[in-house]
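Values in this text are rule-based calculations from the coordinates and carry no lab data. Bear in mind that the values here come from a model prediction, so they are computed numbers and not experimental data. When we count neighbours, we look across all protein chains shown, and the Cβ atoms used for this are built from the backbone with ideal geometry, even at glycine.
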Amino acid sequence: MHSRGFTLVELILVIVVIGILAAVVGPRFFERSTFDDRLYAEEVRAGLRHAQKLALAGGCSIRFSLDTTGYQLLRDADCEGSGNTFTPSVLDPSTGQAPYAGTPPTGITLSAAFNVDFDSLGRPSQAVSVTLGAGHAVRVEAVTGFVP
C-alpha cells in the first residue's frame with residue numbers, strides 16, 4: 001500500500017522554518033523610516049495645496065516655506081501683494097491655532113530648501129521640485145501651481 005501526503009513531522013518542520021524566516025526577515029521589509037518619509041512628503045503636498053487654496057479664497061498672497069527644520073505657511077502682512085513681509089498668521093485647520101506648520105521626522109533629508117508664494121489667482125512665484133527622504137518627489141508646476 002502506497003499512500004500520498006505529508007507526515008506530521010514534515011508539516012511541523014515547515015511551520016518552524018516559516019516562523020524563523022518571518023522573525024528574521026520580516027522586520028527588514030517594514031522599516032518605519034520608509035513610512036515616515038512618505039507621510040511627510042504627503043503632508044508637504046497637502047500644505048502646498050492648502051496654501052494655494054487660501055490664496056485663492058482670501059485674495060492675499062500665501063507663502064509656503066520649507067527647510068530642514070520643517071515647513072510653515074505665512075500670510076502677506078499688508079495683503080497688497082508686495083511680498084515684503086509675511087507673518088505666520090495662517091491657522092492650522094486641525095487645531096484652529098497659528099501657525100500652520102510641521103516638522104520633519106527624525107533623519108529625513110531634503111534636497112533643497114525653498115519658498116513659494118501663491119498669489120490671489122493661485123499662481124506660484126516659481127516652479128519647485130525637491131526630493132524628501134528616500135526619493136519622494138514634491139513638485140509645484142509653474143503657472144498653474146498644480147501639485148501632483
Integer Hz, Karplus 6.51/-1.76/1.60 couplings in order for region 11-16, x for Gly and Pro: 5, 5, 4, 5, 5, 5
For n ≥ 4 DSSP H runs only, could you compute -39500 (n - 2.57) per run for the chain, divide by its residues and tell me the 222 nm figure to the nearest 500? -11500 deg cm²/dmol
Nearest 20 debye, what's the magnitude of the dipole of region 8-140 about its Cα centre given +1 on Lys and Arg Cβ and -1 on Asp and Glu Cβ? 200
For a quick protection proxy, order the peptides 137-146, 39-48 by their average other-Cβ count within 10 Å, most packed first. 39-48, 137-146
Quote the Stokes-Einstein diffusion coefficient, in whole µm² s⁻¹, for the chain, based on the Kirkwood radius over alpha carbon pairs, a temperature of 25 °C and a viscosity of 0.890 mPa s. 136
Could you list Val17, Val90 in order of exposure, starting from the residue whose Cβ has the fewest other Cβ atoms within 10 Å? Val17, Val90
Answer with one residue from Ser61, Pro93, Val24: the one whose Cα lies farthest towards the positive end of the charge dipole of the chain, charges on Cβ with Lys, Arg +1 and Asp, Glu -1. Val24
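For a quick check: sort Ser125, Ser65, Ser33 by the number of other beta carbons within 10 angstrom, fewest at the front. Let's see the in-between values first.
Values: Ser125 17, Ser65 20, Ser33 13.
Lowest count first: Ser33, Ser125, Ser65.
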Answer rounded, prolate or oblate for region 67-148, using the Cα gyration tensor with square roots of eigenvalues a ≥ b ≥ c: rounded when a/c is under 1.5, else prolate when a/b is larger than b/c, else oblate. oblate
For region 127-142, take each phi angle, set θ = phi - 60°, evaluate the Karplus expression 6.51 cos²θ - 1.76 cosθ + 1.60, and give the result in whole Hz per residue in order, putting x for glycine and proline. 7, 10, 8, 10, 10, 10, x, 8, x, 8, 7, 10, 10, 10, 6, 5
